Structure formats: C-alpha cells, structure tokens
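To start, the structure itself, in structure tokens.
All of the numbers you see were taken from the coordinates with simple rules; none came from a lab. None of the values given here were measured: they were computed from a predicted structure. Counting neighbours? That spans all protein chains shown, and the Cβs are built from the backbone with ideal geometry, glycine included.
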Amino acid sequence: MNDYLLSVILGIVEGLTEFLPVSSTAHLRIAEALLHINLGDGYWKMYTIVIQLGAILCLPIYFRSRIAKFISTFPHGENGDKTILTHPLSLTMIAFVVTAGPAFLLTKVIGKHLEDLHIMGMALLIGGIVMWAVDALNAKSEAAGPGAPNSRIHTWKMEAMSLGQAVWIGACQILSAVFPGTSRSMSTIAGGQLAGMSRASALEFSFFLSIPTMVVATCYDLLKSLKGKGMANPIGVSQIDSHGWIVLAIGFVVSFIVAYAAVAWFMAWVRKHGFVPFAIYRIIVGALVLAFAAQLVG
C-alpha cells in the first residue's frame, strides 16, 4: 500500500479513537497488524507517537475559551467559592499526579503488556461491560436532570467537582496505563460517573485530564524512541528523508482534523444518548480480538 494512503488511514484511526471510550491503543495495534506494519521499526514507532500528538493538539484549541476562563479565574473560581486545591485547573493536575506516579513506576509492566492481544481483547470486553453497567445505573438520574430527588448524580458541571472525585478519577486512569485496551477515556468517564458525576461533566473532565496526561506520556515515549532502548534501534531523525517527513506530516494533520471533529461530535452525542453504543462496540471488538488472538496461538 502507498505510504501516503497508509498514513491517512492510520491518522483517521487515531483521530477517531483517541478520545472515544474504545481505546486508541488497541485500534492502532489492530490496524498496524492488519496493514502489516513492522512495529520493531523505529520510524513507525515514532510515527505512532507523532499522530497521537496531532490528536492531543485539538483539545487546547477546541476548549480554548474554557481554558482561558479557568486561567482568568484561578484560584478562586468564577463565583469566588474555590481554593487553590479545588479549582478545576488544580483538580486536573492533582488527578494527573495521582496517575503519573504509579504509571511511571509500572513502566516495565506496561511495556510487557503493550502488544498483548489477549490483554487488549479482555480489557475491551470487560471495559465495555463496566461502561454499560455504570451508564445504565445513572440513566434515570440523567433523564430526571438536576434537582431531582434521590438522584445518583450530584455533580452536573466540571466546576462543581470535589478534590475526592479528582483523586478517584486519577486512580481509575491508572488502569488504562497498565492494561492496553482499557481506554483512558473509558476509565475516567466511568470513574467519574461512579463518583456521582453526570455524563457531560465526567466527559469534559476526561478531556481536560487527557491534556497533561497525554502530552507527558507521548513526549516521554518519543524521547525513549529517539534514544533507543539501551541505545539500540534509535530512530535517527537526521536519517529520515523527505518522503518520511511527508508521511509523518500527513498522519499528524489527519489525526488532528479527525480528532477535533470527533471531540465536537462526542460532546453533543453524549448529552443526548449516553455511552451504551460505545460499550456494545467494545464488547464486540473485544470478542473479535480474543478470537483472533486464539487463532494466532492455535
């Protein structure tokens, strides 16, 4: 297949799946396996990281007005009822720190699991069941709206989040770091809903949390890839020719455009329809991945 077309396809896969609760890691690995991409090649390892950075870039641009508002009201909040520990920006960084420490310590475990199709399949399947159950649990409260008696939801906006909720969501995000296929967005969204957050507020916090999480994780991966593990198989940026740079640029741009559209669509969809369709999709794909992995072993 032509490298330019290949880059477009992978950029679309990354952009579509990075922020949806279906696991971009699993989908990229599946796509790369089907397209016969050699993941031992340093160039393609870097390519995967570069298109992830393209997807990440869409978030600060999409949420630019919200970010500007949070910065201008830090640390007391728009209504003057926040502190340096309870402001949304602070809660985002606290959740990130809760995830980052254990994830860094478990780097070797994460590396061992990254290409394991059995783990990906199980994570997709179990994550889909969990997401379906949690969303169904809160469905009546979502339909009743704010102020309804006996509601399971008590946080309808990201600004109303508590320190405890942020710590809990950060802890939930660790699962996605350790088990590829879990999905960072699935773990944070489901964790938020279990902690009494609405679909919209949990989703928005998931997006905000993904900015520092993904920037640090992808930059760390890029640095490791550039150096090479134990100085073996370094990418060697200086050796990439013009064709290689064009392929990288195509994937980056396509990933950014598709991710931006996916975020805008997802925000509107969730408020009306919830997460069940994504849960069903995860279950189906997880079962297919497990069947494919079983065939490889057999």
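Give me the extension gain from TYR281 to ILE129: residue separation times 0.36 nm, minus the current Cα-Cα distance, reported in nm with one decimal.
53.7 nm
Under a crude label model (7 Å from the Cα following the beta-carbon direction), how far is ALA160 from ASP3 in nanometres?
So the two model labels end up 5.3 nm from each other.
Taking 7 Å along the Cα-to-C-beta vector as the label spot, tell me the SER72-ALA291 distance in nanometres, rounded to one decimal.
5.4
Helix 199-227 against the longest principal axis of the chain: what's the angle in degrees, Cα atoms only, rounded to the nearest 10?
30
Take every Cα pair under 8 Å in the chain that's 6+ residues apart, average their separations, divide by the length, and report that relative contact order as a whole percent.
The value is 37 percent.
Quick check: residue separation of HIS243 and ALA143 times 0.36 nm, minus the Cα distance between them. What number comes out in nm? Please list the in-between numbers first.
Numbers: separation 100, 0.36 × 100 = 36.00 nm, distance 5.23 nm.
Stretched out fully, the HIS243 to ALA143 stretch lengthens by 30.8 nm.
Using only alpha carbon positions, build the gyration tensor of region 3-293, then give the equivalent ellipsoid semi-axes as the square roots of 5 times its eigenvalues, largest first, whole angstrom. Present the calculation step by step, with values, prior to reporting the outcome.
Details: eigenvalues 210, 95, 61 Å².
Equivalent-ellipsoid dimensions as semi-axes: 32, 22, 18 Å.
Sketch the reach of a paramagnetic label on TYR220 as a point 7 Å from Cα along Cα-to-Cβ, and name the residues of region 10-32 whose backbone nitrogen lies under 19 Å away.
24-26
With a 10 Å radius around each residue's Cβ, average the other Cβ atoms per peptide and rank 68-76, 198-206, highest first. Walk me through the intermediate numbers first.
Numbers: 68-76: 13.0, 198-206: 23.9.
So the order, starting with the most tightly packed, is 198-206, 68-76.
Among THR188, ILE250, LEU91, whose Cα sits farthest toward the positive end of the charge dipole of region 3-293 (+1 at Cβ of Lys/Arg, -1 at Cβ of Asp/Glu, about the Cα centre)?
Ranked along the dipole, the leading option is LEU91.
Please rank SER23, SER242, SER210, fewest neighbouring Cβ atoms within 10 Å first, as an exposure proxy.
If I rank by nearby Cβ atoms, fewest first, I get SER242, SER210, SER23.
Within 10 Å of each residue's Cβ, count the other Cβ atoms and sort ASP241, ASP116, ASP3 from fewest upward. Each step should come with its number before you reach the end.
Details: ASP241 8, ASP116 16, ASP3 12.
Final ranking by Cβ density, sparse to dense: ASP241, ASP3, ASP116.
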